[in-house]
Amino acid sequence: MTITGKHIFNEAKDYVFITLGLLLYTVGWTFFLLPYEIVTGGVTGVSAIIFYATNSNGHGIPIMYSYFIINAILLVLALKILGWKFLVKTIYAIAMLSLMLGVAQDVVTDENGKMIQLLGDQDFMSLIIGCCLTGTALAVVFLNNGSTGGTDIVAAIVNKYRNMSLGTVLIFVDLLIIGSSFPAFIFARGFTVTDALYKIVFGLCTMVVENFMLDYVMNSRRESVQFFIFSKKYQEIANAIGTEMNHGVTILDGHGWYTGQEMKVLCILARKRESVSIFRLIKMIDPNAFVSQSSVIGVYGEGFDEMKVKVKKQQKELQQKE
């Protein structure tokens, strides 16, 4: 494969946005969730449980170490399934996030080993802010072909073969991790059953908010729309969209019921973020054009999403025979 300047630019852009996403995740997790002993899912949740369980004397196992070790094990297991391109970015993300978590944890820890709570006793408000940041950060990382490792690797594997949202995949794993924090709080920290259940409920809230933000941000970026354009200047509009936006256009034959006239109808499938540019081109060429825009559930094929369904072996054999 020939490496072009565009390819290098796209790769560099991915790493820049992955780094920004990791930084956002670090801020949300370390500044708003960790000081309040809020349990979350993922490998960070497992690392947090280890930290909470060993932090009775103010010197628990730092998150960066357990996070890095667990992810290293998962990467070895995933080596045969995920491509090297994905793994390289995942290894980069794991290393960077481990470093960022270590630095940030030192920042929010005072000289007595106690973590500083930025919002005082407003633990639920801290939960909302922290999960909004971490959920958005995960979406940014995934949208730029990266992963923060851990259960994200599991989600990426499932998403590679099945058309399931990442948030849905993560929910099942997160439930198991959050539930495992109950004995840690009871036996290691000496919490009452009521206090431990209180932490579990908070953990479930983090799961809902974080995964909602993850799916919301990713789906908003992937949302597609369909245009039907009725105009006498259809050829000019089609040329403008095809050349200036490098976008495909389909021309359909139409027949007016009332007028009885034959006319051409332009059909365009595009990303929602391209809508303004399309409307601008139409208005410049024909301000009187009749345009219909509608949202579509999904668009699959070249330039859009991949059809992530598995064809059964029997169906493949039958198709080859035909």
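The values are calculated or read from the model by the stated rules, or taken from the named source; none is laboratory data. Computed from a prediction, not measured in an experiment: that's the story for all the values here. All Cβ positions, glycine included, derive from the backbone under ideal geometry; neighbour counts span all protein chains shown. For accessibility, only protein heavy atoms count, side chains too; no ligands or nucleic acids. Shrake-Rupley method; radii C 1.70, N 1.55, O 1.52, S 1.80 Å.
Miscellaneous remarks
- Neighbours by Cβ (under 7 Å, 6+ apart or cross-chain): first from the stretch 3-25, under 21 Å from Ala104 (Cα atoms); second at pLDDT below 85 and assigned to a helix (DSSP H, G or I): Ile18/Lys89
- Residue in the stretch 239-265 that is farthest from Ser224 (Cα to Cα), counting only those that are assigned to a helix (DSSP H, G or I) and in contact (Cβ under 8 Å) with a residue 40 or more places away in the chain: Ala240
- Residue count for the stretch 16-43 under the criterion of being touching an Asp or Glu at 6+ places or on another chain (Cβ under 8 Å) and in a helix (DSSP H, G or I): the result is 2.
- The residue that is least open to solvent (accessible area, probe 1.4 Å), among those in the stretch 287-304 that are under 13 Å from Glu274 (Cβ atoms) and at pLDDT 70 or above, is Val299.
- Pairs meeting the criteria (first residue in the stretch 268-288 and over 17 Å from Tyr300 (Cβ atoms), second residue among the hydroxyl-bearing types (Ser, Thr, Tyr) and crowded, with 16+ Cβ neighbours inside 10 Å, beta carbons under 7 Å, at least 6 apart or on different chains) are Asp286/Ser231.
- Close pairs from the stretch 211-225: first over 16 Å from Ser147 (Cα atoms) and charged (D, E, K, R), partner part of a helix (DSSP H, G or I) and open to solvent by less than 60 Å² (accessible area, probe 1.4 Å), Cβ under 9 Å, at least 6 apart: Arg221/Ala139; Arg221/Leu143; Arg222/Leu143
- Verdict on Glu236 being modelled with pLDDT under 90, more than 30 Å from Ile128 (Cβ to Cβ), open to solvent by 40 Å² or more (accessible area, probe 1.4 Å) and in a helix (DSSP H, G or I): no
- Considering (1) at pLDDT 85 or above; (2) within 30 Å of His247 (Cα to Cα), the lone condition that Glu223 does not fulfil carries the number (1).
- Only residues that are modelled with pLDDT under 90 and assigned to a helix (DSSP H, G or I) were counted in the stretch 107-122, giving 0.
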